[in-house]
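To start, the structure under review is shown below, and the notes come after it.
No lab work stands behind these numbers, since they all come straight from the coordinates. Because the structure is predicted, anything quoted here is derived from the model rather than measured. Positions of Cβ are generated from backbone atoms using ideal geometry, with glycine treated the same way; all protein chains shown enter the neighbour counts.
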Amino acid sequence: MLELRALSAGYGRAQILFELSLEAKPGEVVVLLGRNGAGKSTTLKTVMGLLRTRAGEVRFDGQRIDRLPPYRIARLGLGYVPEDRRIFTDLSVMENLEVGRQEPRAGAPHWTPERLFALFPNLGRMPERLGGRMSGGEQQMLTIARTLMGNPRAVLLDEPSEGLAPVIVDQMAQTILALKKEGLCVLLCEQNLRFAHLVGDRAYVVEKGHVRYAGTMAELEKNDAVREQYLSV
Ligand SMILES: Nc1ncnc2c1ncn2[C@@H]1O[C@H](COP(=O)(O)OP(=O)(O)OP(=O)(O)O)[C@@H](O)[C@H]1O
Ligand SMILES: [Mg+2]
């Protein structure tokens with residue numbers, strides 16, 4: 001469903017991604033792992049068209065999207081949750097959700113605030129709460145919920161577990177598994193290997209913009225060499 005072929009991208013004169021290839025299918029959770037500065041966020045930004053592809057291709061459902069502007073990519077049903085939680089602090093939970101609303105989309109789950117409140121019970125208990133008065137974890141949940149209001153077929157999540165208390169991390173993992181069950185394609189960046197193991201089917205390990213390892217999460221768990229070389233701090 002989502003396919004990156006030999007993708008190269010960067011900022012100004014700095015090349016950050018080098019012929020990076022990966023794929024993710026519907027109902028699959030794929031984790032992009034790597035240390036600080038490896039190029040994880042840059043990969044997601046390039047897929048979303050926020051950064052120009054210099055070489056290679058990005059395909060979504062077979063269609064090339066690497067020359068499309070971000071809003072058109074989003075309208076094809078690709079949801080994106082960036083690393084900074086861009087909720088509207090002066091709007092309530094319900095109003096934040098309304099901002100994300102798009103028409104129902106064929107082949108994608110149709111989300112309503114009611115359905116999202118079942119998935120995120122915390123949010124359901126505070127529909128009138130202003131975004132600015134929520135905890136970091138609650139804001140993170142709201143950002144994801146707002147993205148789901150666009151009824152995406154695939155979602156890109158940039159470090160969804162970052163800064164969350166351990167109990168909230170587990171809730172976040174359950175949420176991602178629920179999305180997988182709905183048939184969504186999920187591509188997420190992570191530094192937290194434990195979280196990656198909770199949710200991931202397959203992993204790509206990135207270092208300096210190169211894919212150094214690709215395999216199942218279970219295989220990675222057994223591969224001490226890769227973990228030590230590219231992931232341990
Ligand atoms: N806007 C930018 N302009 C120039 N260089 C950037 C910009 N954003 C990121 N970089 C550089 O690109 C490289 C990859 O950054 P990226 O944000 O993709 O890393 P990451 O894997 O997401 O790391 P982290 O785990 O810290 O979020 C880094 O060397 C970073 O300094
Ligand atoms: Mg990042």
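Could you compute the net charge surrounding Ala214? Neighbours are other residues with a C-beta less than 10 Å from the C-beta of Ala214; K and R count +1, D and E count -1.
On the way: positive: Arg202, Arg212; negative: Glu23, Glu219.
Surrounding charge for Ala214 is 0.
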Per the Cauchy relation, a quarter of the hull surface: what is the mean projected area of the convex hull of the alpha carbons in the chain, in nm²?
12.0
Ranking request for peptides 172-183, 30-41: highest mean number of other beta-carbon atoms within 10 Å first, then the rest in descending order.
30-41, 172-183
Just want the answer: with Cβ charges of +1 for Lys and Arg and -1 for Asp and Glu, which residue in Val93, Ala154, Asn122 is farthest toward the dipole's positive end in segment 2-231?
Ala154
Tell me, Asp158, Asp90, Asp170 in order of fewest to most beta-carbon neighbours within 10 Å?
Asp90, Asp170, Asp158
Longest principal axis of the chain (C-alpha) makes with the long axis of helix 166-181 (C-alpha) an angle, in degrees to the nearest 10, of 80
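Suppose R0 equals 22 Å; then what is the FRET efficiency for Ala118 and Phe88 from their Cβ-Cβ distance, rounded to the nearest 0.05? Don't jump to the answer; show the numbers that get you there.
Details: r = 23 Å, r/R0 = 1.04.
In this case the efficiency is close to 0.45.
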Near Ser92, within a Cβ-to-Cβ distance under 15 Å, what is the net charge of the other residues, with Lys and Arg +1 and Asp and Glu -1?
0
About its Cα centre, how strong a charge dipole does segment 2-231 have in debye, to the nearest 20, once Lys and Arg get +1 and Asp and Glu get -1 at the Cβ?
580
Take every Cα pair under 8 Å in the chain that's 6+ residues apart, average their separations, divide by the length, and report that relative contact order as a whole percent.
28
Formal net charge of residues neighbouring Thr53 (Cβ-Cβ distance under 12 Å; K, R +1; D, E -1):
+4
Select from Gln171, Leu17, Val226 the residue farthest towards the positive end of the dipole of the chain; place +1 on Cβ of Lys and Arg, -1 on Cβ of Asp and Glu, and compute about the Cα centre.
Leu17
